[in-house]
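Here's the structure, in structure tokens; my notes come after.
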Amino acid sequence: MNPNYPHPLIAREGWPYLAGIVLVSLSVEWGLGFFWALPFWVLTLFVVQFFRDPPRWVPVGERFILSPADGRIVAIVPVSDPWLQRPALKVSVFMNVFNVHSNRSPVNGKVRHIEYRPGLFVNADLDKASEANERNAMVLDTPYGSLTCVQVAGLIARRILCYVTPGSELGAGERYGFIRFGSRVDVYLPPEVRIRVALGDVVKATTTIMAEWPEPEVESS
């Protein structure tokens, strides 16, 4: 699938919300006038900005691991990957309500496993959200190794959408899911990767290179 997925500007998840708020805004304006409808038109603008889904260019590089989400890096910590049961580096991207909320594959790979786990809805900016909150994990296999990408619900986010299944082939930057109204994405990487972001960095889905797979070791003669 082309990473610039064929639903330009507004994510398909947003059309029912946008249609509903526009209908309400028009009804209030026709019945009571523009002044009374103004708050609803402001809300319409919020819905448009929240569900915007702009196309993204994919950096050229087979070993690149791309950011799966827009937002801010809130954690880069050594942990144990709960799904692959191995040491890992967890890189977490926090999305506020003003970020684009489409989630995109960080690599070219094949989906090995999808697992949904119910949970709480604490502030996704807190590190405990990784284990406490509702989440959906996707394990991806690549020629260079495997990684786990986890969509985590937040304080306001109450709906995680994932559109792939085990066996699906994903291209780097390809859209695979959406989280509504503020959340985070955790990426569990092998410890040997080279991290290309720092704590506090603002990142963009697909266009930001989060890490790189290591070069193969050259045997000395």
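The values are calculated or read from the model by the stated rules, or taken from the named source; none is laboratory data. What you see is a predicted model, and the numbers here were worked out from it, not measured in a lab. With ideal geometry, Cβ positions are generated from the backbone for all residues, glycine too; neighbour counts draw on all protein chains shown. For the accessible areas, the whole protein counts, side chains as well, though only heavy atoms, and no ligand, DNA or RNA atoms are used. Shrake-Rupley method; radii C 1.70, N 1.55, O 1.52, S 1.80 Å.
Which residue pairs have Cβ atoms closer than 8 Å, lie 6 or more positions apart in sequence or on different chains, and pair a first residue in the range 16-39 that is within 26 Å of R180 (Cα to Cα) with a second residue that is among the hydroxyl-bearing types (S, T, Y) and open to solvent by less than 50 Å² (accessible area, probe 1.4 Å)?
So the pair list comes out as L18/T44; I21/T44; V22/T44; S25/T44; A37/S25.
Within the set of pairs 6+ apart or on separate chains, which have a first residue in the range 199-221 that is open to solvent by less than 100 Å² (accessible area, probe 1.4 Å), a second that is at pLDDT below 90, and C-beta atoms under 6 Å apart?
T206/R56; T207/R56
Collect the residues in the range 208-221 that are at pLDDT below 95 and more than 17 Å from S146 (Cβ to Cβ), keeping them in residue-number order.
Hits for the range 208-221 are E215, E217, V218, E219, S220, S221.
With respect to F50, determine if the residue is surrounded by 13 or more Cβ atoms within 10 Å (Cβ to Cβ) and either over 22 Å from L161 (Cβ atoms) or touching a residue at least 24 places away in the same chain (Cβ under 8 Å) (or both). Spell out the reasoning first.
Working: surrounded by 13 or more Cβ atoms within 10 Å (Cβ to Cβ): yes; either over 22 Å from L161 (Cβ atoms) or touching a residue at least 24 places away in the same chain (Cβ under 8 Å) (or both): yes.
In short, yes.
Identify, please: which residue in the range 175-196 is open to solvent by 20 Å² or more (accessible area, probe 1.4 Å) and farther than 12 Å from F64 by Cβ and is, among those, modelled with the lowest pLDDT?
F181
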